[in-house]
Structures are given as C-alpha cells and as structure tokens.
Amino acid sequence: MKKIDYKKISTSAIHCSMFQRRVTMALLLLIGILPMAAQKPEEADRLPKGKQKIEFFQRPFMMSLSIGPNFNTGGSDYPEYFGTRPDVATQLYWRMSGAFTRHWGTYVDLGVGFFRVETNDWAQDLMEAIVDAMLPGITRIKPSVSAGINYLAEKGRWQFIPRAGIGWMDSGHSSDSTQKRGEKVSTFKVARASWFANAGASFGYRTSKVCSFILDINYRYPLQACKATYTTQSPEEAPVTKVWKSRSWANDLSVSLGILLQTEMKAKK
C-alpha cells in the first residue's frame, strides 16, 4: 500500500467543506426569500391587454434539457483506493416538473456525467478498455437520478425556478478482487455509488408561450461516504478488515445551458 499524506487530505477536505457550506447557504437563502418576490396571477390580469405578451400557466408542466461543465468540489480522498476523476467533466440533465399549485411543484431529473475514473487497478482498466473497444464511450457514462420540490417565480418573460431534493449517483463500476496466498485470502472491494442531497436553480427567459432558454446551476453533496474495504482471513485467524471512506463522489457543481418547454396541466372549464 502507498503511504497516505494525511496532512494533504485534511487541508483539501477543509477547503472543500468551506466551499460547500457557502454554496448551500446561498441556495437556501434564494429559496427562502423567493415567495416574497413571486408575481401573483392577478397582477398579470391587471396589465393592459396590449402588454400581456406571455401567458402565465396556473399549473404548469415543464420539461428541460441542458448540458454544460461539471466541476469536482469533493477533491480526491484516498485516490490510491478510489481512483480520481477529472476536475471538470461534461454533464447533461433531463428534468421534468409537474405543479400542484400555481408556484409549487415536484420534479424528477435524470443526469448523465461523462468522465473516466483513473485507478491503479490494471485488471479494471483492461476490462474498461475492452468494453470501450466494443462500445466506444460507454464506460465514461456516470448516471444519476434525483427528485424533490421546486418553486416557480415569474416576472414578465423572466423565470426563476429553485429546487431541492435527494438523489442517487453511480460514479463507476464497483471493484471486487480476491487474492490467495497459501491458506491466506485477501479481498479488496470498492463502491463509488452514493445517495446525495441536491439543490439548484434554473434562470429562464421565455421566447414564447411554451419555450424558454435557461441557465441552470445544480449542486450535489453526498449523504453517505463511499467505502473501500480490505479483508484478510485464514483458517487459524479471525478476519481482519480495514475500511477507507470517501465523500469525493457525487460531490460537484454543474453549470449548464438549455431549453425548457412548458404547457398547462389545469383542465379548462
């Protein structure tokens, strides 16, 4: 095993933690003050007919597609065991939202990150190279799914849609290797999938009744640490297990551009 630089890991964790707290506080502040700034439907009704260029839906259904850079805010805890990911990767989001009131609704989004996990596991690297040769780029796909509550505020053609929820992300295939030396058996397992808390917001500009251009910001923070376990056992001795934990995975910030389509869910009387 390589010697671990605990001082370097501790310093990196402190900087990441400070950045995460600042981002989370800013997003929660925006969500908290939002209801005070929202435009009420009756305000639009009082405008002269010539100025009512955009219709506000009473119960909007929205679907958006956006793509942009994803920044690693979690660092690389124990890279000799978990591997590392790029500091910046490409992220795509497909998100759907249904409103149960004028402003409040629920959302579900499917995310796909595109990056390669660099490891010291030659067997895993060889397997990924073989798979990539048959299906180019397939091993770079890192899927995620999340769901939660969102809020819609509109002013003229401008839209502000903050949200918060939870989700799950798989940052790579789990590693599971076993070595046997005489009667002594060693097993090494790595899992990079974890649950995360999700907060973000979309800023939109409506070009028509049904279409908007959006800038989306999305932040994820892991609710559980990924684990690497190394276990040795023999017939004469009890199993000995060492565990390393990392919160570097599902710990990132995305900034993306895309389009949002919207329609009315409320049935006309």
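Laboratory data are not the source of any read-out in this text; all were calculated from the coordinates shown. Predicted, not measured: the structure shown is a model, and the values here were computed from it. Note: ideal-geometry Cβ built from the backbone for every residue, glycine included; neighbour counts use all protein chains shown.
Of note:
- Shown here for segment 169-254: GluC sites (Glu not before Pro) in loop regions (DSSP other than H, G, I, E, B) with at most 13 other Cβ atoms within 10 Å, namely 183, 236.
- Simple spin-label estimate for residue 259 and residue 88 in nanometres, 7 Å along Cα-Cβ: 2.6
- Theoretical FRET efficiency, 1/(1+(r/R0)^6), r = Cβ-Cβ of residue 149 and residue 241, R0 30 Å, to 0.05: 0.15
- One decimal place: the segment residue 232-residue 213 gains 1.3 nm when fully extended, by the rule 0.36 nm per residue minus the C-alpha distance.
- Dimensions of segment 149-231 along the principal axes, based on C-alpha atoms and rounded to the nearest Å, stand at 75, 19, 13, largest first.
- Each part gets one Cα centre, and for segment 56-122 versus segment 172-222 those centres are 7 Å apart.
- Order by protection proxy (mean Cβ within 10 Å, highest first), peptides 98-105, 188-195: 188-195, 98-105
- Calculated SAXS-style log₁₀ I(q)/I(0) at q = 0.23 Å⁻¹ - segment 185-269, Debye, Cα scatterers: -1.03
- With R₀ set to 22 Å, the beta-carbon distance separating residue 54 from residue 106 gives a calculated FRET efficiency near 0.40.
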